[in-house]
Structures are given as C-alpha cells and as structure tokens.
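Below is one structure; the comments refer to it alone.
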Amino acid sequence: MKTAFIASLLALSALTPAMAKTSDKTIMTIAGKKIPVSEFEYFYHKSNGQQNKFVSPEEYAELFSIYKMKVADAEAAGVDTMAAFKAEFANYCHELMLPHIRVKAVEDSLVNESYRHTLTEREVSHIMLDKGNTPEMEKQARIRLDSIKTAIKNGADFKELARKYSIDGSVQYNGGTLGFLPVGRLPYSFEKATYDTPVGELSEIVETPFGLHLIKVESERKNAGEVLAQHILVLTQGKTPEEQAIAKAKIDSIYEVVIAGGDFDELAMKYSEDPGSARDGGKLPWFGKGRMVPEFEETSFTLNDGEISKPFETSYGYHIVKRISHRDVRPLNEVREAILENMKRDDRYAAPEKAGYEQLKKRYNALVFTAELDAVKSEISKKEGLDSAMCAALVTNPVTVAEVNKKKITTADLFASGMPNSSMSSGEASEFIDYQLEKVIDDRLIEAEAATLVATDPDFRNVYNEYRDGMMLFEIANKEVWSKASSDEDGLKRYFETHKSKYKWDASKFKGYVVYTRNDSIGEAFAKYLETERPSIDSLADVIANRFESQIRMERVLAAKGDDKVVDAVVFKSGDTLAKGPWKYVTLYQGKVIDSPEEMSDVRGAVIADYQNELEKQWVERLKRKYPIKVDKKLLKSVQ
C-alpha cells in the first residue's frame, strides 16, 4: 500500500500544479494552521481530475478538512520527528528537489560536448597498464607509462612498445590499434581524452575502470551517419570446408532469385540463418560505422539506397545486403535524451547536481570548521581508530564541525543515521567522517533550499506539502485504522458478534480440514491416530511434522460448491476425485456444511474491512471534536 502511495507522489512531482494565485488568501484555518487558497485549489482540481463525478468546492471542503485534521493528528503524535520518517522524507525530498538543484548550463555543456564528438570519428591506438590495488602501485604505473610516452616522443615505435607493455588482450595482433571508435562505446574519460588530443599527438595519461591508458590519435573523419539495411545470412562459422561450400552455393542460389525479382523480405524470412532479424524480413536497426564487422559495414555504406549487394563473406558466413535508407547525424534535439541516458553510466550525470550543491553552499554560507574537524580526527588517531565507545563519546559530547544557513552541524549529526557496523582504522574513520559530513551538509542544503521554495513558490509548496502530509497521513492512518483493525483480535470478535446478522452467504459452505496422504495405509494410520488420541487442532501440526513427517499434508478449508475442486469431489460429490501427484489419498477431518458464518474467522476479510470503516468513523469524530475549523465561505464560493 505504501509503495503505491509513494509512487503516486513521485509521479506527481513531475507535474506543474495549476491555479496558483498571486494573492494567496487564507481559505480556511485548521488546527490553528492557515491554508492558502492556492493549496486548496491545487488539491481540489487534482481530485476532480481523478474522479468520474464532479464535486463542488463546498463538498470537497469537507473531505479536505478531514485530510488536514489527520495530518494535524500525525503532527501531534510526533510522526514528523521520528528518525525513520525524517530519513525517508529526506530521500523523497531529494528526488523532488533534483530538478531545482541541477545546473542546466552544466548539463547543456556536457550534452553539447557529447554531440560535438558524434560529428566526427577518431581512429585511436592505446597502451594500457594495470593501475594496481594501492596508491603506490598506481603511482609506479603512472611513472612507467610516462616513461613510455617520452620514449615514443623520442622516436620509439608505438606498436612495438604496445606489444611489450600493454595489458590489452588484443594487443599482440593489433599493436594497440582500436580503429575508429563510435562515441559512447568506451568510458567517458577515454572518449574525452580522444577528442581533446590533436590528431597525430599523444594524450595525457588517462584513467578508466580498466586501467591507465596512453592514447594516440591516428586520424579523424567525418561521421558518415547511419544506414538502414536488411540482409540474408547463411552461416559458415564452425562448419567444415565441405559445409562452407554448400553454404556458398546456397547463398548464390538465393541471390539469383533476388536479382530475378524475388521478394527480399520473404526470402530472408525463409532462408536467413540470422535468428534476430529473419523473422522481420532480415531488417536490422539503424547502425553507424563501428557497429558491424568491417566487411558488412563497408558493403552497407558503399551501396546506394535500394541497391542490393552481391554475396560477400564475413566471419559469420555469407551475406546479401539490401540498403533501405541512410541518414546523416541526427540533430541535437532528436538525440538529447539518448545522450542523457548514456551520461547516466558515468560521472557526467552527477556533474550538474554537484555544481548545484556548490551554488547552494555559497547561497546558504556552508562552512566547514577545519580546525575542529582535524581535532576530532586527531583524537581518533590517538585512540588508534574509531570504535563504538568513541562514537558514543562524539554523540554524547558533540563537537561542532560545520554549519549551513547559520545552523550548526555536530559530530552527533554525523552518526544520526546509524553507527558504523565495526571498528575502523584511523584512515577509514577519516574517510567515513568526511563522507558523513558531506552527506549531512547536502541534506541541510536541500532543507534550506526547500524552505526557500516553500516560502516563495506556491507551485513547489503544494507538491512539497503533499509529499510530507501524504507520508504523515499514511503513518497515522496505519496506526489508527489499518494496522489496528487487522491486529485487534478482541475488537474484531466483538464487532462480528455485534453485527453478526449482516454477514450472510448466498450458498452453504464446507468448513473443516482436508487431509492429503501419500498412500492409503498412511491415511488409515492417521485416521486411527485421530480416533484414538483425539488431538487438538493446535497440536496436530506438530504431530504431522514429527510423527508422519512429509507423508501427510493438512489444509483448513472454507468453500462453497465450485470454490474448491477437492471439496466439490469429496463433500458435494461433484467432479472427479483429486488424488494428484504424490497425494494418493484424500479425506476430511472435523468438517461440516454450514449455512452462515459461525465465527469471525469465517468472514475475517469482510470483518476487517468493516471494522476499519468503523475505526475510521470514530477517528474522524474525535478529530472534529479535537481540532477547530474556520472556513472563509465567501472565498470558497469563488473557487472555480
């Protein structure tokens, strides 16, 4: 329930709330809190947009006031002060604030850079070294790669040094040459260095997740765009010379039919051995250079639109290609979203958000008290690490280490989300404290910016309040109604006894237990045990598990005719006996047919639903007595 509720709030954050007024008068006061007309209109129009039946402002005011009274009750119960609530709301607040935090100019710059890269293709070679597992190992690898760069500048052969030092598995046959690389295929740091380095020059040392690289830009060419093609493939990969000869004869025969006017789509569906495209007449997605094996790429880009190639061979087999169409590099507005999706794979996507936080730090005067922070780290170092006792001391006797918007951040705040799971060394503790401090500062910045937007932007305020109030409403309703109704066994029984006459069935039902056994002898032994020992139902599960192990299965059943096939067969004598799988014998225990519910458990689901409604009604009555409401009826009538 909560997941669906929160999902609706997340979807809501993408909307632009309407009807905000420049003069935001108070339309009602509930529990001492003033409700601006823009907030009422926001909820009112949203509600009417979701309902089939139109509701007038006067009718909706009653529903809205109940909603706000429940929120007031949640505040009175301290829901918004609970650590779990604060942490969860902070996460959702971050999602809500993200569009306001990200610096669009930074995002646009990165998107434009990526698009510029797509306009040309660069041919590159590289030498890759392992960066090791420690800072010292990485330092030595950088020194070695820098020496290799110097040697190449002094005339050493790039390919020879690549074969000698590079850890790229393909280096022995390509000498480090990677060819023309499509944009987006390799890590961004590698791609950026490729395009930042002049043609014919060597790059600076580049780090990627795979290692350290020295890149040489061999040449550059204009991006030829993309082609749309379809093909027929006869596989030769892994076949004997004789089988390959048969494949060649087959592709030649197909080609003769094609050039004689045969339908390419039908021939591809019938004969192509490419399972991915054959079912669609051999059609392939749009592709640019560097996406296909060289022979296939060269043929596809050489053909004219509508032209069909002669059979040719690749490492997969023999192909016939028909080029359908071609297009130049698409304009930026058509590929912007694809570029953004690609950016999510690396650090670029976080850059606009980081830039936003830097702006917020200046706006809200975020300060880190370096001397105090260093003193804390020094004390941890003296104790040779951070353990639970040290953490407790930093919480009990907090040290102020930063501030945002003139509000202090202490060491206690760094541990508010939980203590470390285990003791840490001094170095680990230093990194942990820096990480926690940055997170707390970011959270405080979001709080400050959200407060500013709530005060100045009615549209944002409405969405923000709906997030907060909706989450609080869920918690208080769960406490007062949902959880209470399902767990209050005595209350459910009392409610059932008081309203027993309302629970009726259209047909009689069998109530009892169905017993399955693996064979007749086990069934007879169990029946004899029941007759002799007369065990209680509560103890029977243990008896089955311990005495009969996996030879017996028993289920409680409440079913009318047509609800359960076993009950139909055994009780109502309708249908076949249902001994299936390992269960060869079926019998009943403590069963009878009843015309109406005997106890609450017979209609538990319906009773819970009705009891929830009763608790809801009682709760609303208490709220109306507890929280005063004042409505500006004249202003309410003006709502359109």
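The values are calculated or read from the model by the stated rules, or taken from the named source; none is laboratory data. Computed from a predicted model, the values in this text were never measured in an experiment. Cβ: placed from backbone, ideal geometry, glycine included. Neighbour counts: every protein chain shown. Accessible surface areas use protein heavy atoms only, side chains included; no ligands, DNA or RNA. Shrake-Rupley method; radii C 1.70, N 1.55, O 1.52, S 1.80 Å.
When only Cα pairs under 8 Å and 6 or more residues apart are kept, what is the percent relative contact order across the chain?
Values: 819 pairs, mean separation 100.9, N = 640.
Dividing the mean separation by the residue count of the chain yields 16 percent.
What relative contact order, as a whole-number percentage, does segment 97-171 give when Cα pairs under 8 Å and 6 or more residues apart are counted? Before the final figure, lay out the partial values.
Numbers: 30 pairs, mean separation 23.5, N = 75.
Relative CO of segment 97-171 lands at 31 percent.
Could you state the angle between the C-alpha long axis of helix 57-76 and the longest principal axis of the C-alpha atoms of the chain, as a value from 0 to 90 degrees rounded to the nearest 10?
Once rounded, one gets 90 degrees.
Can you give the FRET efficiency to the nearest 0.05 for residue 265 and residue 219, using r as the Cβ-Cβ distance and R₀ = 25 Å? Each step should come with its number before you reach the end.
Details: r = 39 Å, r/R0 = 1.55.
So, using R0 = 25 Å, E works out to roughly 0.05.
Would you work out which of 211, 200, 233 lies farthest towards the positive end of the dipole of segment 190-241? Charges go on Cβ: Lys and Arg +1, Asp and Glu -1.
Among 211, 200, 233, the one farthest towards the positive end of the dipole of segment 190-241 is 233.
Within segment 193-216, list the residues whose amide N lies under 20 Å from a label point set 7 Å along Cα→Cβ of residue 164.
Counting backbone N atoms under 20 Å from the label point, the list is 202-203, 205, 212-216.
Classify segment 46-87 as rounded, prolate or oblate from the Cα gyration tensor: take a ≥ b ≥ c as the square roots of its eigenvalues, call it rounded if a/c is under 1.5, otherwise prolate when a/b beats b/c and oblate if not.
Working: a/c = 5.99, a/b = 2.29, b/c = 2.62.
Here segment 46-87 falls in the oblate category.
Between residue 286 and residue 56, with labels modelled 7 Å along Cα→Cβ, what's the label distance in nm to one decimal, could you check?
Output for this residue pair reads 5.6 nm.
Using 18 Å as the Cα-Cα cut-off, could you pick out the over-long pairs in 86/406; 250/270; 53/630; 25/634? Intermediate results must be reported in sequence, preceding the final value.
Details: 86/406 21 Å; 250/270 13 Å; 53/630 27 Å; 25/634 12 Å.
With Cα atoms farther than 18 Å apart: 86/406; 53/630.
Take the eigenvalues of the Cα gyration tensor for segment 238-377, scale each by 5, and report the square roots as semi-axes in whole Å, largest first.
Working: eigenvalues 621, 73, 27 Å².
Values for segment 238-377, descending: 56, 19, 12 Å.
Lysines within cross-link reach of residue 573: Cα-Cα under 26 Å, excluding same-chain residues under 8 positions apart?
504, 509, 511, 528, 561, 565, 584, 592
Which distance in Å, rounded to a whole number, links the C-alpha centroids of segment 363-389 and segment 24-50?
Answer, in whole Å: 46.
Just name one of 426, 355, 335: the one whose Cα is farthest towards the positive end of the charge dipole of segment 286-430 (beta-carbon charges, Lys/Arg +1, Asp/Glu -1).
355
Once a ≥ b ≥ c are taken as the square roots of the eigenvalues of the Cα gyration tensor of segment 486-576, is the result rounded (a/c under 1.5), prolate (a/b larger than b/c) or oblate (a/b not larger than b/c)? Walk me through the intermediate numbers first.
Details: a/c = 2.85, a/b = 1.43, b/c = 2.00.
Cα axes put segment 486-576 in the oblate bin.
Once you have the Kirkwood Rh of segment 419-548 from its Cα pairs, apply Stokes-Einstein at 37 °C and 0.692 mPa s and quote D in µm²/s.
Approximately 142 µm²/s, per Stokes-Einstein.
Using the Cα atoms of segment 349-404 to build a convex hull, what is its mean projected area in square nanometres?
Numbers: hull surface 21.4 nm².
Averaging across all directions leaves 5.3 nm² for the Cα convex hull.
Where nothing but the Cβ of Lys and Arg (+1) and of Asp and Glu (-1) is charged, how large is the charge dipole of the chain around its Cα centre, in debye to the nearest 20?
Values: 90 positive and 102 negative charges, 337 e Å.
Approximately 1620 debye in magnitude.
Starting from 0.36 nm per residue, how many nanometres of slack lie between residue 606 and residue 423 once their C-alpha separation is accounted for? Don't skip to the answer; put the middle values down first.
Details: separation 183, 0.36 × 183 = 65.88 nm, distance 5.21 nm.
Additional length available on full extension: 60.7 nm.
Students sometimes get this wrong: rank 329, 603 by accessible area, probe 1.4 Å, all chains present, largest first.
If we order 329, 603 from most to least accessible, we get 329, 603.
If the chain between residue 640 and residue 379 were fully stretched, how many nm would it gain, using 0.36 nm times the residue separation less the Cα-Cα distance?
Working: separation 261, 0.36 × 261 = 93.96 nm, distance 6.43 nm.
The span from residue 640 to residue 379 would gain 87.5 nm if fully extended.
Could you order the peptides 38-50, 385-397 from most to least packed, using the average number of other C-beta atoms within 10 Å per residue? Intermediate values should be presented prior to the final figure.
Values: 38-50: 17.9, 385-397: 15.4.
Highest mean packing first, the order is 38-50, 385-397.
What net charge is computed for the residues neighbouring residue 281, neighbours being all others with C-beta under 12 Å from the C-beta of residue 281, Lys and Arg scored +1, Asp and Glu -1? Present the calculation step by step, with values, prior to reporting the outcome.
Details: positive: 270, 279, 283, 322; negative: 263, 265, 266, 274, 280.
Around residue 281, the charge tally is -1.
Within the set of other residues whose C-beta is less than 12 Å from the C-beta of residue 210, count the net charge using Lys and Arg as +1 and Asp and Glu as -1.
Details: positive: 131; negative: 130, 168, 207.
Taking every Cβ under 12 Å from that of residue 210, the sum is -2.
What is the distance in Å between the Cα centres of segment 596-640 and segment 295-351?
That distance is 61 Å.
Quick one: helix 2-12 against the long Cα principal axis of the chain, what's the angle to the nearest 10°, folded into 0 to 90?
Tilt relative to the chain: about 50 degrees.
Could you go through segment 512-519 in sequence order and give the Karplus-derived ³J(HN,Hα) for each residue, using 6.51 cos²θ - 1.76 cosθ + 1.60 with θ = phi - 60°, rounded to whole Hz, and x for Gly and Pro?
x, 10, 9, 10, 10, 10, 6, 7
Gain in length, residue 527 to residue 350, computed as 0.36 nm per residue apart minus the alpha-carbon separation, to one decimal in nm? Numbers along the way, then the final one.
Details: separation 177, 0.36 × 177 = 63.72 nm, distance 6.86 nm.
Difference between extended and current length: 56.9 nm.
By how many degrees, 0 to 90 and rounded to 10, does the Cα axis of helix 426-456 deviate from the longest principal axis of the chain?
So the inclination is approximately 70 degrees.
Leaving out ligands and nucleic acids, note down the accessible area per residue over the chain with a 1.4 angstrom probe, in whole Å². Don't skip to the end; give the middle numbers.
Numbers: 35470 Å² over 640 residues.
Per residue, the chain has 55 Å² of solvent-accessible surface.
Rounded, prolate or oblate for the chain? Axes are the square roots of the Cα gyration tensor eigenvalues, ordered a ≥ b ≥ c, and the cut-off for rounded is a/c under 1.5. Provide the component values of the computation, followed by the final result.
Working: a/c = 1.83, a/b = 1.29, b/c = 1.42.
Oblate, because a/c is 1.5 or more while a/b does not exceed b/c.
Given a 1.4 angstrom probe, I'd like the percentage of the accessible area of the chain that is carbon and sulfur, rounded to a whole number.
Working: 17790 of 35470 Å².
Solvent-exposed carbon and sulfur of the chain make up 50 percent of the total.
How are the alpha carbon pair distances in segment 238-299 distributed across 10 Å bins from zero to the largest one, expressed in percent?
19, 39, 39, 2
Scale the Cα Rg of segment 517-562 by the rule-of-thumb value 2.2 N^0.38 Å and send over the ratio, two decimals. Can you show the working numbers first?
Values: Rg = 11.8 Å, N = 46, 2.2 N^0.38 = 9.4 Å.
Ratio of Rg to 2.2 N^0.38 Å for segment 517-562: 1.25.
Of 500/626; 310/344; 192/354, which ones are farther than 30 Å apart at the Cα?
On the way: 500/626 32 Å; 310/344 42 Å; 192/354 20 Å.
Pairs exceeding the cut-off: 500/626; 310/344.
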